[in-house]
Amino acid sequence: MSRSAALELDGVVHQLPVVEGSEGELAIDISKLRDTTGYITLDDGYGNTGSCRSAITYIDGDAGILRYRGIPIEDLAGRSSFVETAWLVIFGKLPTVEERNRFADLLGENSMIDENMRKHFDGFPASAPPMAILSAMINTLSAHNPELWNVTDDDSMERAAAALMSKVRTIAAAAYKSSIGEPKVYPRYDLKYADHFLHMMFSVPYRDYQPTKEVTAALNLFLMLHADHEQNCSTSTVRMVASSKANLLASCAAGVCALWGPLHGGANVAVIEMLQSIQDMKMPVAEYVRKVKAKEDGIKLMGFGHRVYKNFDPRSRILKKAVDDVLAQQHASDPLLDIALELEAAALSDDYFVSRKLYPNVDFYSGILLRSLGIPLNMFTVMFAIGRMPGWIANWKEIHDDSKGRIYRPRQVYVGPTGQSWEPRSER
Ligand code: CMC
């Protein structure tokens, strides 16, 4: 029996259909509300708004569950590679060996960027934020090999997805090399995704970088855990842009810009800056927690809290263990990890955080993991973007494949001045 919700407005009862998701989540369909009642709904920050039906990722924020295409990330972590997970996220099922190999070949074949594009890097100052370079360069890709980005069927979709994932990796490493004044390293067809990136990041003309298997595994894990996270700010941005029928590159470049902010992907930088400043000022953790609770200067415990998770972010548990493993393998320690552990323990036993259901999110430990891999701070959010690319591509594909899709166009409640008229300048 189909359910409905009753809404009484001005003495009239309106029946609204209820939509049920495959995991039993319930949503009231208000798509005809304005037509039938004249009302719209108002939801600052979209905390209660389902903007789409999507078959890609499922999150249960109360239970701390994250699944890609129905598969829990705990199942994928340490067993699946980033490339396999990317295919799963984009195309909806785990790839066969043949599909996996074909995609890996496409990633290898498309790793070059046009030689002329390399000149663009010289136009940026060395201090340019790599996120600015990344978003600009993704758009620039559309000026080269336009046939590559023209998605008309499954084959061209797969090629475009591989080309974007692959070229983004090359662009990110080239942006880093530019920023430190080293020659850019050309791609190498024989290397797998994570090693290929590390090669372009850390090899120099006189010495090839050789990652340990633990470093390769940790980078794969980092990227895999970031592959998708349903309708977050950047993914919603990608869908918003895609809904106007904008191409894959324009939509994903917009995603990069949305990811940049410190409340979203930029939080992995903000966490390290917070830990570093606590260390530099020799501030007791209890004092930092006091300042957060007092909301002094608007400071927050970065890497804590989430719009959807009201429990542990499952990604943070996996990343915490990965940090321990990599540091143990390197026989190294990180003083920032000690501060993070102390902060976590303090927060999880403090009523301010407990009552607000604030737990560590993906960014609390991801920066410490990236540090242990030698990734510099200004590249952290770029790393998030490389990892999130499959999710953005999958969401773009969902919009692209939906022949009945409408342009995203929310309404607003206007609260500005009314009945004004133009006044001559001399009378103002
Ligand atoms: N530290 C201290 N207080 C916090 C924090 C925090 N990290 N997060 C939320 N609060 C408080 C907030 O001040 C508010 O308190 P009150 O009820 O007294 O006004 C209450 O908790 C509810 O917070 P909210 O701002 O309504 O929560 P939100 O859902 O709008 O924001 C968030 C979610 C992730 C933006 C926020 O928790 C935050 O700013 N966290 C720190 C930044 C961060 O780690 N971002 C990464 C998010 S996960 C990865 C990603 O999406 O990219």
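The values are calculated or read from the model by the stated rules, or taken from the named source; none is laboratory data. Fair warning: this is a prediction, and the values are worked out from it, not measured in the lab. FYI the Cβ positions are ideal-geometry reconstructions off the backbone, even for glycines, and counts take in every protein chain you see.
Of all residues in the stretch 146-190, those satisfying the criterion of being touching a helix residue (DSSP H, G or I) at 6+ places or on another chain (Cβ under 7 Å), within 21 Å of Glu84 (Cβ to Cβ) and not in a helix (DSSP H, G or I) are Pro187, Arg188, Tyr189. Taking residues in the stretch 49-72 that are closer than 13 Å to Glu25 by Cα, and partners anywhere that are among the acidic types (Asp, Glu) and in a loop (DSSP other than H, G, I, E, B), the pairs with Cβ atoms closer than 7 Å and at least 6 places apart or on different chains are Thr49/Asp43; Ser54/Glu230; Tyr58/Glu23; Ile59/Glu230. The set of residues from the stretch 389-419 being β-branched (Val, Ile, Thr) and within 30 Å of Ala162 (Cβ to Cβ) comprises Ile393, Ile399, Ile407. Here is the figure for the stretch 268-308: residues that are within 10 Å of the ligand (Cβ to nearest atom), more than 13 Å from Glu342 (Cβ to Cβ) and of a type in the set (A, V, I, L, M, F, W, C) total 7.
Kindly evaluate Leu343 against the criterion of being within 14 Å of the ligand (Cβ to nearest atom) and free of Cβ contacts under 8 Å to residues at least 40 places away in the same chain.
No.
Does the stretch 109-127 hold any residues that are in contact (Cβ under 8 Å) with a residue 60 or more places away in the chain, over 16 Å from Ser156 (Cβ atoms) and surrounded by fewer than 18 Cβ atoms within 10 Å (Cβ to Cβ), and which are they?
Selection gives Met112, Arg118.
The set of residues in the stretch 352-408 that are away from the ligand (no atom under 11 Å from the Cβ), touching a residue at least 12 places away in the same chain (Cβ under 8 Å) and of a type in the set (Lys, Arg) comprises Arg371, Lys397, Arg406. Would a scan of the stretch 310-319 turn up a residue that is at pLDDT 95 or above and in contact with a Phe, Trp or Tyr (Cβ under 7 Å, 6 or more places away or on another chain)? Within the stretch 310-319, not a single residue is at pLDDT 95 or above and in contact with a Phe, Trp or Tyr (Cβ under 7 Å, 6 or more places away or on another chain). Residues that are within 25 Å of Ala394 (Cα to Cα), within 16 Å of the ligand (Cβ to nearest atom) and either touching a Leu at 6+ places or on another chain (Cβ under 9 Å) or among the hydroxyl-bearing types (Ser, Thr, Tyr) (or both) are absent from the stretch 23-38. Applying a threshold of 9 Å to beta carbon distances and a minimum spacing of six or more residues, or different chains, the list of pairs starting in the stretch 224-244 at a residue that is under 12 Å from Ser51 (Cβ atoms) and free of Cβ contacts under 8 Å to residues at least 60 places away in the same chain and ending at one that is assigned to a helix (DSSP H, G or I) and more than 14 Å from the ligand (Cβ to nearest atom) reads Thr237/Ser251; Thr237/Ala254. Within the stretch 313-335, the set of residues being touching a Pro at 6+ places or on another chain (Cβ under 7 Å) and part of a helix (DSSP H, G or I) comprises Ser316 only.
Before we move on, is Ala328 closer than 22 Å to Ala194 by Cβ and either among the polar types (S, T, N, Q) or without any contact (Cβ under 8 Å) to a residue 12 or more places away in the chain (or both)? Break it down into steps so the answer makes sense when it comes.
Details: closer than 22 Å to Ala194 by Cβ: yes; either among the polar types (S, T, N, Q) or without any contact (Cβ under 8 Å) to a residue 12 or more places away in the chain (or both): yes.
Criteria met by Ala328.
I need the strands (runs of 3 or more DSSP E) fully contained in the stretch 9-125, keeping only those with at least 2 residues that are within 22 Å of the chain's Cα centre (by Cα). So the answer is 57-60, 65-68. Would you say Ala227 is outside any helix (DSSP H, G or I) and closer than 24 Å to Phe103 by Cα? The answer is yes for Ala227.
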